[in-house]
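The values are calculated or read from the model by the stated rules, or taken from the named source; none is laboratory data. As the structure is a prediction and not an experimental result, all values here were calculated from the model. We place every Cβ from the backbone using ideal geometry, glycine too, and count neighbours over all the protein chains shown. To get the accessible areas, we keep the full protein, side chains included, count just its heavy atoms, and leave off ligands, DNA and RNA. Shrake-Rupley method; radii C 1.70, N 1.55, O 1.52, S 1.80 Å.
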Amino acid sequence: MSSGDRGQAVGVKGTYEVRTYGCQMNVHDSERLSGLLEGAGYERAPEGSDGDADVVVFNTCAVRENADNRLYGNLGRLAPMKTKRPGMQIAVGGCLAQKDRDTIVKKAPWVDVVFGTHNIGKLPVLLERARVQEEAQVEIAESLEAFPSTLPTRRESAYAAWVSISVGCNNTCTFCIVPALRGKEKDRRTGDILAEIEALVGEGVSEITLLGQNVNAYGSDIGDREAFSKLLRACGKIEGLERVRFTSPHPRDFTDDVIAAMAETPNVMPQLHMPLQSGSDPILKAMRRSYRQDRFLGIIEKVRAAMPDAAISTDIIVGFPGETEEDFEQTMHVVREARFASAFTFQYSKRPGTPAATMEGQIPKEVVQERYMRLSALQEEISWDENKKQVGRTLELMVAEGEGRKDGATHRLSGRAPDSRLVHFTKPDTEVRPGDVVTVEITYAAPHHLLAEGPVLNVRRTRAGDAWEKRNAEPAAKPAGVMLGLPKVGAPEPLPVAAGSGCGCD
């Protein structure tokens, strides 16, 4: 009996699998794709199915030079599976689909559906049309058809959730192709955002992350420059909402009213991801970034004055075309001055279709690699020093799911501090569930995590923990997670220096 037959036997169309690559926007879109497919009668394939599902969806990213090679390699591995199972369907969406359109079907004619970033809501219809007409369906909308948050969703976490407040971007950074693929910024109505958050809190969610390609530019589409700070303050009035985060802001739009709102709103966490990209004014100009070194460091200084315990992370690109040793040293200078808790560092790679890809002065790979290693070593040292300052502090952690790979062997659990630092703590005798809150004392610091080796000082059971327990008590509530390979859904986490946070284009 095929997997499709098994699905039909229990009254569903079959199984599905979503493979997600890229930034947090794609992660959130994949939650919507999963919700759409489940609403259309599919059920998620078991973990480790590896292409054995009836529908396999690739939600792609286009910001890396080899993104298309990666996609076609994965599609090629599915071709023989599809030959053996004629009813199987393959769909490709996301930024690469928006960019390449008909090319995908030409290179991989066994693909059934190609859809873009603006019409993810059409996936079930396109799959059905491809099945009936027995030919590939390519539908790429040029503008947003429906705001993603109005679509059904299958969220990956019972206790933490993304909430999209805008889509698209009005910036023209020379290394970034995202605005061309996701369009101009379009803001959601504040009332709709708050209604979604209140509904999530009603379901047990206690932490939300406001999400936008340029999140703190929120309001530009509706003509209110202080709309984002007002939104943060409004989140502070929602009863039961314990933690509010946002990603990713842009230095150009990071104004004093936002800093004040963060400092004065108790449930807005003391965490900030502020993309630097480069510390060199000439390189920032070539990148078409609208700030300079002094402006960036000024923001960091103001944030630290308002929130001394804030953990600040960043994105940095090494080896942008034309970068000299002096330019690179300016980046190192900013890293030393800013003392980031963590950094997502990238070796520059050409993004097809961006102005930077054709700029003169492309840096030899060996030079880029050498600079990258020096930057990584410096940031590793700073991250460790900053983490050591946490030793001896008593912190409240929200217990996390699946973030401590060695928890089983070490008899520990893991959680996130208010500033999003990852803490592994001794498992208490009392039952503790993801979403619950524990109080611990930090005893040891490593560059990318903290330890609380003593006994847990307090356990607070929460509605979020209840929601997690309810989801996991239901027989059908243990699906495999979306194959992300990037930030987990829920609270975005700082990754090791050499890792990527997504597109790095904020």
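Which residues, taken from segment 58-98, are among the charged types (D, E, K, R) and touching a residue at least 24 places away in the same chain (Cβ under 8 Å)?
If the condition is that a residue be among the charged types (D, E, K, R) and touching a residue at least 24 places away in the same chain (Cβ under 8 Å), then Arg64, Glu65, Asp68, Arg70, Arg77, Lys82, Arg85 are the ones that fit.
So if I check each of Val163, Val167, which one is under 16 Å from the mean Cα position of the chain (by Cα), modelled with pLDDT under 90 and aliphatic (A, V, I, L, M)?
Sole residue among the options that is under 16 Å from the mean Cα position of the chain (by Cα), modelled with pLDDT under 90 and aliphatic (A, V, I, L, M): Val167.
Which of (1) modelled with pLDDT of 95 or more; (2) under 21 Å from the mean Cα position of the chain (by Cα); (3) open to solvent by 10 Å² or more (accessible area, probe 1.4 Å); (4) within 16 Å of Tyr159 (Cβ to Cβ) does His449 not meet, given it meets every other one?
So His449 meets the others, but not (4).
Scan segment 452-467 for residues that are under 21 Å from Lys406 (Cβ atoms) and surrounded by fewer than 21 Cβ atoms within 10 Å (Cβ to Cβ) and jot them down.
Of everything in segment 452-467, those that are under 21 Å from Lys406 (Cβ atoms) and surrounded by fewer than 21 Cβ atoms within 10 Å (Cβ to Cβ) turn out to be Glu453, Gly454, Pro455, Val456.
Being among the β-branched types (Val, Ile, Thr), open to solvent by less than 20 Å² (accessible area, probe 1.4 Å) and closer than 17 Å to Gln277 by Cα is true for just one of Thr324, Thr331. Which residue is that?
Of Thr324, Thr331, the one residue that is among the β-branched types (Val, Ile, Thr), open to solvent by less than 20 Å² (accessible area, probe 1.4 Å) and closer than 17 Å to Gln277 by Cα is Thr331.
If you take the residues in segment 351-364 that are open to solvent by 50 Å² or more (accessible area, probe 1.4 Å) and assigned to a helix (DSSP H, G or I), which one is farthest from Cys95 (Cα to Cα)?
Result: Thr358.
For every residue, the table says whether it meets (1) part of a helix (DSSP H, G or I); (2) more than 12 Å from Phe175 (Cβ to Cβ); (3) touching a residue at least 12 places away in the same chain (Cβ under 8 Å).
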residue: Tyr291; (1), (2), (3): no, yes, yes
residue: Ile300; (1), (2), (3): yes, yes, yes
residue: Val303; (1), (2), (3): yes, yes, yes
residue: Pro321; (1), (2), (3): no, no, yes
residue: Phe346; (1), (2), (3): no, no, yes
residue: Ser349; (1), (2), (3): no, no, yes
residue: Glu366; (1), (2), (3): yes, yes, no
residue: Glu370; (1), (2), (3): yes, yes, no
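Mind checking which residues of segment 23-45 are in a loop (DSSP other than H, G, I, E, B) and either of a type in the set (Val, Ile, Thr) or at negative phi (or both)?
Answer for segment 23-45, where residues must be in a loop (DSSP other than H, G, I, E, B) and either of a type in the set (Val, Ile, Thr) or at negative phi (or both): Cys23, Ala40, Ala45.
So is Ala341 within 23 Å of Phe246 (Cα to Cα), open to solvent by less than 50 Å² (accessible area, probe 1.4 Å) and in contact with an Asp or Glu (Cβ under 6 Å, 6 or more places away or on another chain) or not?
For Ala341, the condition - within 23 Å of Phe246 (Cα to Cα), open to solvent by less than 50 Å² (accessible area, probe 1.4 Å) and in contact with an Asp or Glu (Cβ under 6 Å, 6 or more places away or on another chain) - is met.
So in segment 219-238, with the set limited to residues that are open to solvent by 50 Å² or more (accessible area, probe 1.4 Å) and assigned to a helix (DSSP H, G or I), which one is nearest to Lys184 (Cα to Cα)?
Once the filter is applied, the top-ranked residue is Lys230.
Take the conditions open to solvent by less than 40 Å² (accessible area, probe 1.4 Å) and assigned to a helix (DSSP H, G or I) and apply them to Thr314. Does it pass?
no
Would you mention how many residues in segment 441-472 are of a type outside the set (Phe, Trp, Tyr) and outside any loop (DSSP other than H, G, I, E, B)?
Number satisfying all stated conditions: 17.
Restricting segment 157-168 to residues that are within 23 Å of Glu401 (Cβ to Cβ) and in contact with a strand residue (DSSP E or B) (Cβ under 7 Å, 6 or more places away or on another chain), which is most open to solvent (accessible area, probe 1.4 Å)?
Here the residue is Tyr159.
What number of residues within segment 75-103 are modelled with pLDDT under 90, within 17 Å of Tyr21 (Cβ to Cβ) and of a type outside the set (A, V, I, L, M, F, W, C)?
Matching residues across segment 75-103 total 4.
Residues being over 22 Å from Ser290 (Cβ atoms) and not in a helix (DSSP H, G or I): count how many of those fall in segment 239-263.
7
Scan segment 251-284 for residues that are within 20 Å of Ala217 (Cβ to Cβ), open to solvent by 20 Å² or more (accessible area, probe 1.4 Å) and not hydrophobic (A, V, I, L, M, F, W, C) and report the count.
Total meeting the criteria: 6.
Of everything in segment 169-209 that's open to solvent by less than 20 Å² (accessible area, probe 1.4 Å), of a type in the set (A, V, I, L, M) and touching a Cys at 6+ places or on another chain (Cβ under 8 Å), which residue is nearest to Asp253 (Cα to Cα)?
Val178
Could you pull out the residue among Ser414, Ser376 that is crowded, with 19+ Cβ neighbours inside 10 Å, among the polar types (S, T, N, Q) and modelled with pLDDT of 95 or more?
Just a single option satisfies the conditions, and that option is Ser414.
Anything in segment 386-423 that is without any contact (Cβ under 8 Å) to a residue 12 or more places away in the chain and in a helix (DSSP H, G or I)? List them, or say none.
Gly408, Ala409 - these are the residues of segment 386-423 that are without any contact (Cβ under 8 Å) to a residue 12 or more places away in the chain and in a helix (DSSP H, G or I).
Pick out, from segment 46-156, the strands (runs of 3 or more DSSP E) lying fully within it that include 1 or more residues that are among the aliphatic types (A, V, I, L, M), under 21 Å from Met25 (Cβ atoms) and open to solvent by less than 70 Å² (accessible area, probe 1.4 Å).
By residue number, 55-60, 89-94, 113-115.
Against the condition touching a Leu at 6+ places or on another chain (Cβ under 7 Å), of a type in the set (Gly, Ala, Ser) and farther than 17 Å from Ala180 by Cβ, how does Gly51 come out, does it pass?
yes
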